[in-house]
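Structure first, then comments.
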């Protein structure tokens, strides 16, 4: 079994050490800043207005050729994605661009029923009870009913 | 004498420049007038909502026509029925504004309470509504309402109000998300097919077209980067009302519940010379969408 070497305790930092570290830190910040300025300056073409793109609020300028290539690639990916989406849904992978929508017909939707208006409506088929606030009240086939008949509608509470 | 002639000329030029302006507004009114999905609200609450919504439209129209008069076209979405729209018009109190068309989309036999509508002060040549075509691989909810309005000497104006498929995705699957996009793309393709047909009916001049509503997509969001809905309109020479605006200047659907601010409501137009004025009016607390209004010349 190997014996572990004990870790030396840290020496307390002197004033000189502190100043040197501070200087190094400042220098590295300045170098990074200068390098970024140089990089952005080189990328600017001609009047500096071409090939600009924004990333997180910072104006990044790239060479116009790269910019054009990226745009073309982006457009190709978009088209590919659209095609995949269409193939996922429609059999021929095409949009129904020649299909015209179907003109709406205004057929009467109010269900006329005899009897007293109790404020509740029982749908004949589903046996669901609707109250006056509901979209289905007197709009589905049914009859007026009491407050406890049938099952209450999940939307209006019957 | 020359001064007077110049003044008359200037006045005539000004009159001719503002004559034929159309103020267009679009607003998703959030289950108007109840504000609750598929349910009626208390009478008092609904009356108050109608009154407030009317005031908002009135103020927007006043601001847009402060310098000179103009006609108005309102494209409304998520409204209950024609009665709600009539009450809205009465509350707005704008001279000559009338209901042009309200859809009657149904879920089975029951009318939806998410109808779309067009209101206008212009004379109506034709109007109606249509549901999206069936048998195209998917079922697209609702449809659109259209109107051919008499725009005077500049010719007719074709208007469309639409509310495209939402981004509702209960399963959270990518397939569902792609289906939603496809439904919007397919709807846009159908609108463009109708526009082409209408343009063929008026070959003698450029037909002015306005398509507005809740598109539920955005042209500057990464989420919809591959979606062609809006781009298909731009490809057909439509222009967006938000052209050249920054993202922060065109928020029509303020973010809530962790969702970011979005631009879902657009007015797309073609055949008009330019936008004279455009503004987004906050729709809260009546709706989760803002009202978008602009003046077209």
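Throughout, read-outs are computed from the coordinates displayed, never taken from laboratory work. A quick note: this is a predicted structure, and the numbers were derived from the prediction, not measured. Every residue, glycine as well, gets a Cβ built from its backbone with ideal geometry; the counts of neighbours run over all protein chains shown.
Points worth noting:
- Computed E for residue A:83/residue B:66 - FRET, C-beta separation, R0 45 angstrom, nearest 0.05: 0.40
- Inter-site label distance for residue B:125 and residue B:174 at 7 Å from Cα along Cβ, in nm: 4.7
- Highest-first arrangement of A:134-140, B:56-62, where packing means the average Cβ count within 10 Å: A:134-140, B:56-62
- The stretch between residue B:138 and residue B:248 holds 36.2 nm of extra length on full extension. This uses 0.36 nm per residue minus the Cα-Cα distance.
- Ranked B:100, B:225, criterion: other C-beta atoms within 10 Å, fewest first: B:225, B:100
- Exposure proxy order (Cβ contacts within 10 Å, fewest to most) of B:252, A:124: A:124, B:252
- Sorted on the mean count of surrounding Cβ atoms within 10 Å across their residues, most packed first, peptides B:86-98, B:260-272 read B:260-272, B:86-98.
- Degrees between helix B:2-18 axis and first principal axis of chain B (Cα, 0 to 90, nearest 10): 20
- Förster-model FRET efficiency, 45 Å R0, residue A:76 and residue B:109, C-beta, rounded to 0.05: 0.45
- Label-point separation in nm, residue B:52 to residue A:132, each point 7 Å along Cα→Cβ: 2.3
- Exercise: per-residue mean of other protein chain Cβ atoms within 10 Å, B:185-195: 4
- Order by protection proxy (mean Cβ within 10 Å, highest first), peptides B:209-217, B:226-234: B:209-217, B:226-234
- Neighbouring Cβ atoms from other chains, within 10 Å of the Cβ of residues in B:172-179, number 2 on average.
- Shown for B:102, B:276, A:68: other C-beta atoms within 10 Å of each C-beta, ranked fewest to most, produce the order A:68, B:276, B:102.
- Averaged over the residues of B:223-230, the number of partner chain Cβ atoms lying within 10 Å of the residue Cβ comes to 3.
- Degrees, to the nearest 10: B:43-64 long Cα axis against longest axis of chain B: 40
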